[in-house]
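Engineer: First the structure, then my questions, so here it is.
The values are calculated or read from the model by the stated rules, or taken from the named source; none is laboratory data. Being a predicted model, the structure only gives us computed values, none of them experimental. Using ideal geometry, Cβ is built from the backbone for each residue, glycine included, and neighbour counts are taken over all protein chains shown.
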Amino acid sequence: MRDPFPQSANGPRPDKVTPARLGLYAFLVIAALFFLLPAYVMLVTSFKSMEEIRSAQIFSLPHLFDWSAWIKAWSSACAGVNCTGVSAGFWNSVKITIPATVLSVLLGAVTGYALSFWRPPGGKILFAAITIGGFIPLQIFLFPMVRATAMLGLYNSLAGIVLVHVVFGLPLTTLLFRNYYASIPVELFKAARVDGAGFWRIFVSLMLPLSLPMLIVAGLMQMTGIWNDFLLGLVFAGRDNLPMTVQLNNIVTTTTGQREYNVHMAATVLTALVPLVAYFVSGRWFVRGITAGSVKG
Amino acid sequence: MPVPVSLRSVDIGYGATAVVKNLNLEIAAGEFLVLLGPSGCGKSTLLNAIAGLTDLAKGEVWIGERNVTWADPKDRGIGMVFQSYALYPNMNVEKNLSFGLTVAGVPKDEIVRRVARASAILQLDPYLKRRPSELSGGQRQRVAIGRALVRDVDIFLFDEPLSNLDAKLRTELRVEIKKLHHELASTMIYVTHDQVEAMTLANRIAIMRDGVIQQLATPREIYQRPANLFVAGFIGSPAMNLLKGTLLGSDGGSLFRSSLGEFDLPGKAFPAEPREVVAGLRPEQIIVGAGSGLAEIEATISVIDAMGPETVIWCRARENLLSARVAGDFPGQVDEGITLGLDLANASFFDQDTGQRLP
Ligand SMILES: Nc1ncnc2c1ncn2[C@@H]1O[C@H](COP(=O)(O)OP(=O)(O)O)[C@@H](O)[C@H]1O
Ligand SMILES: [Mg+2]
């Protein structure tokens, strides 16, 4: 046993490197490498020529930085007979992601607000149903959803895929906003009611401005989720609106001629770029939103 | 124009649990009524029901000539001030004040005029452009009051508005609220668990316990003639001294017999049959020193609380611990023997079983 009250104790307690601390560091370093190494390999490979790639030194830096794979990946890589690169998919993904994200976040905010403050009759049951719905794997809904969108005449259309994303996004965004609003003192809502504000007035003038951190968190989660989606895009978007992920897959799996690893890597990085940039730009907000419940001002 | 409020046979509950049961309360126009009671007794619930923020299970709420039981908060002519201030954090003071007017569609110049007036009354001019987070607690609560003020409401509802403030600010703001009531002459209903606030502010106090009003009377009446043991114990600091004993009627007066002795109660006529009672004596109804002409007992000082202008001494007399209010320069020492005079002629007597006051 160490002496808990040493005679020489004075000032800050000295740092001690314990075995537990060392183990923790080792684990963190390994975890970091686990994620960083593949990213590194992808980046360096995308800048190499095919010749250099064939030399099979995957960790080495490229001798010569070569942008041509990136250009090809963006504008002329072939998916089957269709040689337009991932650019068409990029714009499709933009057209799907923006409206689907905005709609699912705003609708989630409204439903969360209504459930939290207005407590409609049956609201608790409704909320439970929404939450359970959010935990059921979406494959189960695939076929009914196909029939439903077909009935609405939206199957294989941009509006259709946006609708599907909004529907599948609502459980999560509703849950996020309901819990966020539960942390806002109900007196604030009561004060606004006494001031004469109604449902929409309170939402727009008070609750929405107060939920900026959660808007950003939910927006980011929805955006990445929708951007990264493959299955729904493949099933519901239709040939003309295939999102970037589906086109990337088609390019990578096209087997005519030799496999152009540099182009595939570049196309993959391009596809991952949007969520990546979004996280870098809003990381600070993201953390703030997640902890907002505990440290509200 | 001050407006009366009337609660008629009101039941309020959350789900199956009844918080307020069959409550009747008439509040006069321009009255300052304080709802006083321990926390959890249903004061806020009642206030929310008056505001229209909580539904009644039964009964009616009348404001002036109108039955507002089903009316929206905004149609009741009320303003409400909350313990947590409940200022809109995303708006500056000016916007906080004008929000209700903007919602109501009041013309711009009228809004400016009314905000300026409220801000002048509450001395908020230097802070109009600040966010609530940049204000002190007292300033925040003044803004909250201002929010009701600008709307020219008939009735102000306060839910423990001073509880979050420190002692000094609480006193300051209490005086301001009293002044405001004097100037506006509006009906004000004020919820608190602080007896000092209740005593100083109220025209009448309604003391609540478990959703039932125990006594509705002026502060003086409540202090001097508490209706039951609960009120007697709740009001007054230090609390009323309680002595168990028996009350016997006799010719020309009564007799109070307790472990401290037998005392005549001249001029107090109670029924002849003996009755188990509790005698209640305020600390100032116990006089230190012999020769007071009151019922005298011997006691020992056990604690001395110096408060500045006055001192409270706690004296042991057999199994009783009695508090007495004495002058600030009281010379006695702990463990000293002392003679106490009990002013039983002005004491309150309660039935031991029911706790109700005997007339
Ligand atoms: N929203 C609510 N749901 C269920 N019970 C409540 C709710 N608000 C208050 N209560 C209960 O009602 C009783 C009275 O509460 P309240 O009116 O806030 O008391 P007070 O304001 O006198 O402290 C308490 O027992 C409390 O637990
Ligand atoms: Mg309360």
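Engineer: Could you say which residue among A:79, A:100, A:73 is at pLDDT below 85 and closer than 30 Å to residue A:159 by Cα? Show your work before the answer.
Structural biologist: Working: A:100 fails: at pLDDT below 85; A:73 fails: at pLDDT below 85.
Within the list A:79, A:100, A:73, the selection yields A:79.
Engineer: Next question. Please work out which one of (1) within 12 Å of another protein chain (Cβ to nearest Cβ); (2) surrounded by 20 or more Cβ atoms within 10 Å (Cβ to Cβ); (3) farther than 15 Å from residue B:84 by Cα is the condition residue B:131 fails and give its number.
Structural biologist: (2)
Engineer: Just a yes or no: is a residue in the stretch A:215-232 in a helix (DSSP H, G or I) and within 14 Å of chain B (Cβ to nearest Cβ)?
Structural biologist: Taking every residue of the stretch A:215-232 in turn, at least one turns out to be in a helix (DSSP H, G or I) and within 14 Å of chain B (Cβ to nearest Cβ).
Engineer: Report whether or not residue B:80 is modelled with pLDDT under 95, among the hydrophobic types (A, V, I, L, M, F, W, C) and either within 16 Å of ligand 2 (Cβ to nearest atom) or not in a strand (DSSP E or B) (or both).
Structural biologist: On the way: modelled with pLDDT under 95: no; among the hydrophobic types (A, V, I, L, M, F, W, C): yes; either within 16 Å of ligand 2 (Cβ to nearest atom) or not in a strand (DSSP E or B) (or both): yes.
The answer is no for residue B:80.
Matching residues to (1) outside any helix (DSSP H, G or I); (2) β-branched (Val, Ile, Thr); (3) loosely packed, with under 13 Cβ neighbours inside 10 Å:
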position: B:91; (1), (2), (3): yes, no, no
position: B:97; (1), (2), (3): no, no, no
position: B:100; (1), (2), (3): no, no, no
position: B:105; (1), (2), (3): yes, no, yes
position: B:110; (1), (2), (3): no, no, yes
position: B:114; (1), (2), (3): no, no, no
position: B:118; (1), (2), (3): no, no, no
position: B:123; (1), (2), (3): yes, no, yes
position: B:126; (1), (2), (3): no, no, yes
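Engineer: Here's something else I'd like to know. Taking into account only those residues within the stretch B:265-287 that are free of Cβ contacts under 8 Å to residues at least 60 places away in the same chain and under 13 Å from residue B:347 (Cβ atoms), which is surrounded by the fewest Cβ atoms within 10 Å (Cβ to Cβ)? Write out each step before concluding.
Structural biologist: Taking the stretch B:265-287 first, the residues free of Cβ contacts under 8 Å to residues at least 60 places away in the same chain are B:269, B:271-274, B:282-284, B:286-287.
Among the residues that remain, those that are also under 13 Å from residue B:347 (Cβ atoms) are: B:282-284, B:286-287.
Values: B:282: 23, B:283: 20, B:284: 14, B:286: 25, B:287: 19.
Among those that are free of Cβ contacts under 8 Å to residues at least 60 places away in the same chain and under 13 Å from residue B:347 (Cβ atoms), it is B:284.
Engineer: Also, quick follow-up: Looking at B:198, B:206, which is the one that is away from every other protein chain (no Cβ under 14 Å), within 16 Å of ligand 1 (Cβ to nearest atom) and in a helix (DSSP H, G or I)?
Structural biologist: Numbers: B:206 fails: in a helix (DSSP H, G or I).
Going through B:198, B:206 in turn, the sole match is B:198.
Engineer: Looking only at the stretch B:97-113, filter to residues that are out of contact with any Gly (no Cβ under 8 Å at 6 or more places or on another chain) and closer than 22 Å to residue B:180 by Cα; which one of those is nearest to ligand 1 (Cβ to nearest atom)?
Structural biologist: At the first step, the residues of the stretch B:97-113 found to be out of contact with any Gly (no Cβ under 8 Å at 6 or more places or on another chain) are B:98-99, B:101-102, B:105-113.
Retained after the next criterion (residues that are closer than 22 Å to residue B:180 by Cα): B:98-99, B:101, B:110-113.
Working: B:98: 29, B:99: 25, B:101: 29, B:110: 35, B:111: 33, B:112: 36, B:113: 36 Å.
Residue satisfying both the conditions and the ranking: B:99.
Engineer: Does residue B:104 qualify as being under 29 Å from the mean Cα position of the chain (by Cα) and within 14 Å of chain A (Cβ to nearest Cβ)? Give the derivation first.
Structural biologist: On the way: under 29 Å from the mean Cα position of the chain (by Cα): no; within 14 Å of chain A (Cβ to nearest Cβ): yes.
So residue B:104 does not fit the description; no.
Engineer: I've got another one for you. All but one of (1) more than 9 Å from chain A (Cβ to nearest Cβ); (2) buried (at least 24 other Cβ atoms within 10 Å of the Cβ); (3) among the aromatic types (Phe, Trp, Tyr) hold for residue B:82, so report the exception by its number.
Structural biologist: (1)
Engineer: Just to be sure I understand the filter: pairs with C-beta atoms under 6 Å, separated by 6 or more residues or on different chains, first member in the stretch B:36-51 and in contact (Cβ under 8 Å) with a residue 24 or more places away in the chain, second member assigned to a helix (DSSP H, G or I) and more than 10 Å from ligand 2 (Cβ to nearest atom). Which pairs pass?
Structural biologist: Listed by first residue and then by second, the contacts come to B:36/B:198; B:51/B:73.
Engineer: Hey, another quick one. Only one of A:193, A:147 is over 21 Å from the mean Cα position of the chain (by Cα), within 14 Å of chain B (Cβ to nearest Cβ), without any contact (Cβ under 8 Å) to a residue 40 or more places away in the chain and not in a loop (DSSP other than H, G, I, E, B). Can you tell me which? Before you say what the answer is, go through the steps one by one.
Structural biologist: Numbers: A:147 fails: within 14 Å of chain B (Cβ to nearest Cβ).
It is A:193.
Engineer: Still on this structure: From the list A:199, A:177, which one is within 14 Å of chain B (Cβ to nearest Cβ) and within 29 Å of residue B:147 (Cα to Cα)?
Structural biologist: Selected residue: A:199, the only one of A:199, A:177 that is within 14 Å of chain B (Cβ to nearest Cβ) and within 29 Å of residue B:147 (Cα to Cα).
Engineer: Regarding residue A:182, is this residue over 26 Å from residue A:237 (Cβ atoms) and free of Cβ contacts under 8 Å to residues at least 60 places away in the same chain?
Structural biologist: Working: over 26 Å from residue A:237 (Cβ atoms): yes; free of Cβ contacts under 8 Å to residues at least 60 places away in the same chain: no.
No; evaluated as a whole, the condition is false for this residue.
Engineer: Within the stretch B:6-24, does at least one residue satisfy the condition of being among the aliphatic types (A, V, I, L, M) and closer than 26 Å to residue B:146 by Cα? First the steps, then the outcome.
Structural biologist: Quick first cut of the stretch B:6-24, residues among the aliphatic types (A, V, I, L, M) only: B:7, B:10, B:12, B:16, B:18-20, B:23.
Then drop every residue that is not closer than 26 Å to residue B:146 by Cα, which leaves none.
Checked the stretch B:6-24: no residue is among the aliphatic types (A, V, I, L, M) and closer than 26 Å to residue B:146 by Cα.
Residue-wise test of (1) over 24 Å from residue B:119 (Cα atoms); (2) within 10 Å of another protein chain (Cβ to nearest Cβ); (3) of a type in the set (Ser, Thr, Tyr).
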{"position": "B:59", "(1), (2), (3)": "yes, no, no"}
{"position": "B:66", "(1), (2), (3)": "yes, no, no"}
{"position": "B:70", "(1), (2), (3)": "yes, no, no"}
{"position": "B:77", "(1), (2), (3)": "no, no, no"}
{"position": "B:88", "(1), (2), (3)": "no, yes, yes"}
{"position": "B:91", "(1), (2), (3)": "no, yes, no"}
{"position": "B:99", "(1), (2), (3)": "no, yes, no"}
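Engineer: Kindly establish whether residue B:150 is in contact (Cβ under 8 Å) with a residue 12 or more places away in the chain, among the β-branched types (Val, Ile, Thr), more than 16 Å from ligand 1 (Cβ to nearest atom) and buried (at least 18 other Cβ atoms within 10 Å of the Cβ). First the steps, then the outcome.
Structural biologist: Values: in contact (Cβ under 8 Å) with a residue 12 or more places away in the chain: yes; among the β-branched types (Val, Ile, Thr): yes; more than 16 Å from ligand 1 (Cβ to nearest atom): yes; buried (at least 18 other Cβ atoms within 10 Å of the Cβ): yes.
Yes; evaluated as a whole, the condition is true for this residue.
Engineer: Looking at A:126, A:170, A:154 in this structure, which one is buried (at least 17 other Cβ atoms within 10 Å of the Cβ) and not in a loop (DSSP other than H, G, I, E, B)?
Structural biologist: Values: A:126 fails: buried (at least 17 other Cβ atoms within 10 Å of the Cβ); A:154 fails: not in a loop (DSSP other than H, G, I, E, B).
Just one listed residue meets the conditions, A:170.
Engineer: Here's a follow-up. Please find, within the stretch B:20-67, the residue that is nearest to ligand 2 (Cβ to nearest atom) out of those that are in a loop (DSSP other than H, G, I, E, B) and in contact with a helix residue (DSSP H, G or I) (Cβ under 7 Å, 6 or more places away or on another chain). Break it down stepwise before answering.
Structural biologist: If we filter the stretch B:20-67 for residues that are in a loop (DSSP other than H, G, I, E, B), which is where we start, we get B:28-31, B:37-42, B:52-57, B:64-65.
If we keep only those that are in contact with a helix residue (DSSP H, G or I) (Cβ under 7 Å, 6 or more places away or on another chain) too, we end up with B:37, B:52-54, B:56.
On the way: B:37: 9, B:52: 17, B:53: 13, B:54: 12, B:56: 18 Å.
Of everything passing the filter in the stretch B:20-67, B:37 is nearest to ligand 2 (Cβ to nearest atom).
Engineer: Would you point out the residue of the stretch B:12-51, among those that are within 13 Å of ligand 1 (Cβ to nearest atom) and in contact with a Lys or Arg (Cβ under 6 Å, 6 or more places away or on another chain), that is nearest to the other protein chains (Cβ to nearest Cβ)? Break it down into steps so the answer makes sense when it comes.
Structural biologist: Kept after step one, since they are within 13 Å of ligand 1 (Cβ to nearest atom), are these residues of the stretch B:12-51: B:12-21, B:23, B:34-51.
Narrowing further to those that are in contact with a Lys or Arg (Cβ under 6 Å, 6 or more places away or on another chain): B:35, B:37, B:41.
Values: B:35: 17, B:37: 20, B:41: 19 Å.
If we take residues in the stretch B:12-51 being within 13 Å of ligand 1 (Cβ to nearest atom) and in contact with a Lys or Arg (Cβ under 6 Å, 6 or more places away or on another chain), then B:35 is nearest to the other protein chains (Cβ to nearest Cβ).
Engineer: While we're on this one: How many residues are surrounded by 23 or more Cβ atoms within 10 Å (Cβ to Cβ), out of contact with any Leu (no Cβ under 9 Å at 6 or more places or on another chain) and among the polar types (S, T, N, Q) if we restrict to the stretch A:204-229?
Structural biologist: Total satisfying the criteria: 1.
Engineer: Counting only residues that are over 32 Å from the mean Cα position of the chain (by Cα) and loosely packed, with under 10 Cβ neighbours inside 10 Å, give me the helices (runs of 4 or more DSSP H) lying completely in the stretch A:1-75 with at least 1 of them.
Structural biologist: A:19-46, A:50-54
Engineer: In this structure, does residue A:206 turn out to be within 9 Å of chain B (Cβ to nearest Cβ) and closer than 16 Å to residue A:117 by Cα?
Structural biologist: Working: within 9 Å of chain B (Cβ to nearest Cβ): yes; closer than 16 Å to residue A:117 by Cα: yes.
So residue A:206 fits the description; yes.
Engineer: Tell me, which residue of the stretch B:109-131 that is of a type in the set (Val, Ile, Thr) and in contact (Cβ under 8 Å) with a residue 12 or more places away in the chain is farthest from residue B:144 (Cα to Cα)?
Structural biologist: B:111
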